[in-house]
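Below is one structure, written out as structure tokens, with a few remarks after it.
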Amino acid sequence: MPSPLKAPFAPDVLRAVADTFGTPTYVYHAPTIRDRIGRLRRHLTGVPVRLLYAMKANSHPAILQIMREEGLGLDAVSPGELLLALRLGVEPDRILFSANNMTDEEMHLAHERGVLLNIGELSRLEKFGRAYPGSAVCVRLNPQVGAGHHEHVVTAGARSKFGIPVEQTDRIRALADAHGLRIVGLHHHIGSGILHTAHFWEAARVLLEAARPFEGLRFINLGGGLGIPYRPDEAPLDLDNFRDALMAPLRSFHAEYGAPALTFWFEPGRYLVGEAGVLLVRVNTLKSANGRTFAGTDSGMGHLVRPAMYGAYHALYNLSNPDGALQPYDVTGNICESGDLFARDRPVQTIREGDILAILDAGAYGMSMASEYNLRPLPAEVLVTEDGPRLIRARRTPEDLADALLATLPRT
Ligand code: LLP
């Protein structure tokens with residue numbers, strides 16, 4: 001039995017988008033983003049909470065505008081993200097700047113724009129203290145508990161480059177004292193694509209314990225990492241369990257810490273946008289060889305690198321033949337690499353050349369990680385709201401790419 005389309009879109013809407021705007025095209029569903037924000041908010045209760053959106057998951061300005069309308073702040077991790085957020089009109093005090101391997105220039109840029117820095121290295125904390133004694137700062141800790149859907153996305157623990165190990169809080173406090181720094185926030189982010197509440201709580205327990213000796217905290221930022229179910233057999237993160245396991249300890253900490261204004265921050269990316277996005281591609285080449293059937297598409301790892309990079313699973317749906325019998329395919333891209341696959345041996349409704357496939361759950365870390373490798377232009381992007389689909393980024397042409405590169409040559 002062909003599976004139903006487990007996406008927020010009606011198949012007709014996606015077929016119409018493909019007809020109107022061509023392929024490859026990312027399509028995002030604004031109401032689903034708002035729904036995820038609401039769901040999360042409803043479960044983060046009992047203590048003051050602030051939500052930031054980790055803009056690296058999908059930094060299209062139209063998506064950032066939705067976040068802004070919904071009252072979220074932003075987690076920015078590079079000067080590009082920071083400037084985009086500021087130029088969109090996001091107030092500096094609603095942005096947290098968490099650049100990794102931060103340079104002096106990046107430090108000055110954020111501080112001069114009035115944005116709070118989140119610093120995860122003692123050496124940078126010292127440089128910040130020397131440059132801006134008496135300033136407020138947030139410190140990223142490594143609670144030594146990490147988790148994630150793949151080892152490449154585990155961002156805490158013994159092998160992680162992120163954060164100051166929690167055993168070094170004495171040194172953090174000594175540096176802060178030496179430069180009069182006010183540590184107003186403590187942060188951790190333990191990894192991405194986490195579907196089990198226990199990891200969040202284990203790490204939070206460490207962070208809360210480490211926070212006790214710090215006076216004057218305005219917030220504790222518990223990061224992002226909330227997963228979404230990509231595989232049909234994966235259960236969604238149990239938000240009731242998340243609330244029960246996490247919010248009660250946060251409530252007790254809040255009461256004991258004795259600062260009513262203390263706020264708990266979360267900075268999810270994937271949870272808010274992942275399921276709201278689909279990548280539409282067209283199959284242009286069918287090939288049977290060595291007992292396999294390859295369905296070759298007009299997109300590839302340059303547009304959605306997660307399968308090639310993490311072996312990530314994205315559900316596939318044949319929009320052009322929804323009732324077709326399921327058959328196994330290797331669904332490939334058009335990039336000159338053997339790892340350029342969307343799926344291997346995957347049952348999909350029978351595919352014919354010209355069919356449009358929807359690659360689901362592609363709203364997070366899809367377009368934001370896309371490249372023009374092999375000089376293939378990036379996909380177009382479409383946002384679907386209550387008013388219908390709207391093109392939010394046009395596809396560039398190969399001529400555009402060639403023009404841009406040739407323009408770098410010295411004029412003769
Ligand atoms: N905060 C910080 C400091 C982060 O580094 C990240 C993600 C987030 C929040 C948001 O994490 P999320 O809620 O989206 O899990 N490219 C990978 C994911 C890398 C995540 C990196 N950091 C993927 O496609 O699975």
Could you please state how large a percent of the accessible area of segment 30-273 is carbon and sulfur, counting protein chains only and using a 1.4 Å probe? 49 percent
How many percent of the alpha carbon pairs in the chain exceed a separation of 38 Å? 26 percent
Rg/Rh (Cα only; Kirkwood hydrodynamic radius) as it applies to segment 30-273: 0.94
State to the nearest 20 debye the size of the charge dipole of segment 274-403 about its Cα centre, where the only charges are +1 on K and R beta carbons and -1 on D and E beta carbons. 280 debye
What whole number of Å gives the distance from the Cα centroid of segment 184-221 to the Cα centroid of segment 265-310? 33 Å
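Hey, what did the chain get for relative contact order, percent, Cα under 8 Å, at least 6 apart? Numbers along the way, then the final one.
Numbers: 876 pairs, mean separation 82.3, N = 412.
Value for the chain: 20 percent.
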Could you do me a favour and compute the accessible area per residue for the chain, 1.4 Å probe, result in Å²? 43 Å²
With charges set only on the Cβ (+1 for Lys and Arg, -1 for Asp and Glu), what does the dipole of segment 144-291 come to about its Cα centre, in debye to the nearest 20? 480 debye
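Check each of the chymotrypsin sites (Phe, Trp or Tyr not before Pro) in segment 85-188 and keep only those in coil by DSSP with at most 14 other C-beta atoms within 10 angstrom; list them in order.
On the way: sites: 97, 128, 162; in loops: 162.
The qualifying sites: there are none.
Go through 318-327, 355-364 and give me the packing order, highest mean Cβ count within 10 Å leading.
Values: 318-327: 15.5, 355-364: 25.8.
So the order, starting with the most tightly packed, is 355-364, 318-327.
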Report, ordered by chain and residue number, the aspartates and glutamates lying within cross-link reach of residue 287, taken as a straight Cα distance under 20 Å and ignoring same-chain residues fewer than 8 apart. 298, 330, 337, 340, 345, 353, 355
Along principal axes, Cα extents of segment 203-358, largest first, whole Å: 67, 32, 23
How much of the DSSP beta bridge set in the chain is antiparallel, as a percent to the nearest 5? 45 percent
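Calculated from DSSP H runs of 4 or more alone, at -39500 (n - 2.57) each and per residue, what is the 222 nm mean residue ellipticity of the chain, nearest 500? Can you show the working numbers first?
Numbers: 12 runs with 125 residues, N = 412.
Computed ellipticity for the chain at 222 nm equals -9000 deg cm²/dmol.
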Please give the solvent-accessible surface of residue 161 in Å², to the nearest 10, using a probe radius of 1.4 Å with every protein chain present. 130 Å²
Under 8 Å for C-alpha pairs, at least 6 residues apart: give me the relative contact order for segment 1-76, rounded to a whole percent. 27 percent
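The values are calculated or read from the model by the stated rules, or taken from the named source; none is laboratory data. None of these values were measured; they are calculated from a predicted model. Here Cβ is always computed from backbone atoms with ideal geometry, including for glycine, and neighbour counts include all displayed protein chains. Ligands, DNA and RNA are excluded from the accessible area calculation, which covers all protein heavy atoms including side chains. Shrake-Rupley method; radii C 1.70, N 1.55, O 1.52, S 1.80 Å.
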